[in-house]
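Asker: For reference, the structure I am asking about is given below.
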Amino acid sequence: MHYLQILDGYEVRNIWQLVLGEVESALIETLLDYTNGNQGRAARLLGISRSTLRKKMALYEIQLDRYKPKRSDTIPSDIREAVNPLQRRFDDAGRSALSDSANARERARTRD
């Protein structure tokens with residue numbers, strides 16, 4: 001009834017799209033906020049496919065980057081600085097383990 005009162009006698013067509021657009025875009029924005037910009041999860045909550053969600057986001061000009069936190073916002077800098085050396089050691093150890101595993105496979109293959 002609210003929309004009909006606002007119209008106040010003006011001829012308007014397609015009230016359905018007008019109302020649906022306002023409700024649907026607000027719902028999509030709310031769910032993207034709730035899912036931290038996870039489109040797949042938001043689409044599942046809406047009961048639509050991810051591609052349909054993306055089409056609706058384009059239709060309503062909803063920008064995804066607004067929902068994704070910046071990396072610097074997610075981890076405080078002092079913690080990030082403490083973790084970086086550990087991450088490098090972990091990455092180096094992982095590369096070393098992968099290399100050892102590849103070497104072992106190669107040795108086994110040449111023996112056969």
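Every number in this text was worked out from the coordinates using simple rules, so none of it is lab data. Small disclaimer: the values here were computed from a predicted structure and weren't measured.
Asker: Tell me, what HN-Hα J-couplings in whole Hz come from the Karplus equation 6.51 cos²θ - 1.76 cosθ + 1.60 at θ = phi - 60° for each residue of segment 53-58, using x for Gly and Pro?
Answerer: Whole-Hz 3J(HN,Hα) from phi for segment 53-58: 4, 4, 5, 5, 4, 5.
Asker: In whole Hz, with x marking every Gly and Pro, tabulate ³J(HN,Hα) for segment 20-36 from phi via Karplus 6.51 cos²θ - 1.76 cosθ + 1.60, θ = phi - 60°.
Answerer: Couplings: 4, x, 5, 6, 5, 5, 5, 5, 4, 4, 4, 5, 5, 4, 4, 9, 6 Hz.
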